[in-house]
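One structure is given here, and the rest of the page talks about it.
The values are calculated or read from the model by the stated rules, or taken from the named source; none is laboratory data. For clarity, every value in this text was computed on a predicted model and none was experimentally measured. Here the Cβ positions follow ideal geometry from the backbone for every residue, glycine too, while neighbour counts run over all protein chains shown.
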Amino acid sequence: MNAFLLVFLSFAISTVAFSQKSILLYSDSIPNSTGYKIVEEPVKYGEMIIGVKNVSEPSLSVYLPSPGAANGSAVIICPGGGYGIVAMPEGTRIAETFIKYGVAAFVLKYRLPSDSIMHDKSIGPLQDAQQAIKLVRQNAKDWTIDQNKVGIMGLSAGGHLAACAATHFNEVYILNKEGVNLRPDFEILVYPVISFTEELMHKASRDLLLGTKPTKEQIQLFSNEQQVTAQTPPTWITHAGDDRSVPVGNSIRFYEALIRNNVAAEMHLYPKGGHGFVLLQPTEQWMQPLFGWMRSNGWLK
């Protein structure tokens, strides 16, 4: 068993929190769907559930602060899993920590790329991220959220999805006749997959999202360091230098692109820790620099 899986299992075992409710992302038809549904299955290591696969009905797990504690900010969390599974336990403890600090949190169970359930698998996860942003803003009043304080967070391949949402928001991939703003107000990236270039890619993630023979145009479109503009939202990033699964160059290149475009960004790099290093630490401990950044920007009191 590799070191990351050992860490993830210990994290999953210690996670006992449950969302207050789970809602389907789409009340009507699911965009880009072929109509074929596959049976969702838990992914186990022994008896421990570490994620889900075959997601064809995406949903949002809702975590709201206690009455009176909400500060108006919200974060949509995209767990990792290499676009092969959605590692839901990754998002659970983070969500519970956010609500302690008055931030509403939403763990996104997004569709995984599949030719059987999608006409275009490359945009399926991004459609779900955009729909999650739309839903949170549409329900802002009921959930005590400021529509101008809605961020997105992603870990590993979930970081790629979050970065896509933060750089592709001008391209609307969902039904949005209401004209809801799909741009996140901020983004949080934890050891993210960013680039699909040969130099930096996480091959499994690229193969699953784009296929084994992607075009140059597809690689460029989904290499998010090449999609940054001055409108990309403020960004917080963390990564370990010895990450052998997702090279730290993914975060560095993205940070450099943000700075070139005058986007406010903060990055925390650590020399050691490997992939999944935040799972080795108490959640509130590794999140303290993040909370400091959020306070300085008015997203946390």
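A compact table of results
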item	result
G274 vs. criteria more than 17 Å from the chain's Cα centre (by Cα) and within 24 Å of P79 (Cβ to Cβ)	yes
Top-ranked residue in the stretch 115-155 [being within 16 Å of the chain's Cα centre (by Cα) and among the β-branched types (V, I, T); ranked as farthest from A166 (Cα to Cα)]	V136
Any chance F186 is among the aromatic types (F, W, Y) and within 25 Å of G292 (Cβ to Cβ)	yes
Filter result (of a type in the set (S, T, N, Q) and not in a loop (DSSP other than H, G, I, E, B)) within the stretch 164-193	T167
Residues being crowded, with 17+ Cβ neighbours inside 10 Å and in contact (Cβ under 8 Å) with a residue 24 or more places away in the chain - total across the stretch 250-285	18
Residue match in the stretch 42-62 (condition: at pLDDT 95 or above, more than 22 Å from G84 (Cβ to Cβ) and not hydroxyl-bearing (S, T, Y))	yes
Residue among T238, T229 that alone is in contact with a helix residue (DSSP H, G or I) (Cβ under 9 Å, 6 or more places away or on another chain), closer than 27 Å to G292 by Cβ and loosely packed, with under 15 Cβ neighbours inside 10 Å	T229
Residue match in the stretch 20-30 (condition: hydrophobic (A, V, I, L, M, F, W, C), part of a strand (DSSP E or B) and within 27 Å of W286 (Cα to Cα))	no
Options L182, L189: the member that is surrounded by fewer than 24 Cβ atoms within 10 Å (Cβ to Cβ) and within 30 Å of S66 (Cβ to Cβ)	L182
D142 being farther than 30 Å from G274 by Cβ, free of Cβ contacts under 8 Å to residues at least 40 places away in the same chain and among the charged types (D, E, K, R)	yes
Within the stretch 96-109, considering residues that are over 19 Å from I38 (Cα atoms) and crowded, with 24+ Cβ neighbours inside 10 Å, the one nearest to the chain's Cα centre (by Cα)	V107
Of residues in the stretch 125-149 being in a helix (DSSP H, G or I) and in contact with a helix residue (DSSP H, G or I) (Cβ under 8 Å, 6 or more places away or on another chain), the one nearest to P65 (Cα to Cα)	I133
Candidate set from the stretch 203-219 (those that are assigned to a helix (DSSP H, G or I) and of a type in the set (K, R)); member that is surrounded by the fewest Cβ atoms within 10 Å (Cβ to Cβ)	K216
Enumeration of residues in the stretch 171-196 that are under 30 Å from G274 (Cα atoms) and among the polar types (S, T, N, Q)	S195
Exclusive hit being in contact (Cβ under 8 Å) with a residue 12 or more places away in the chain, over 25 Å from R183 (Cα atoms) and of a type in the set (A, V, I, L, M, F, W, C), set M48, M118, M88	M48
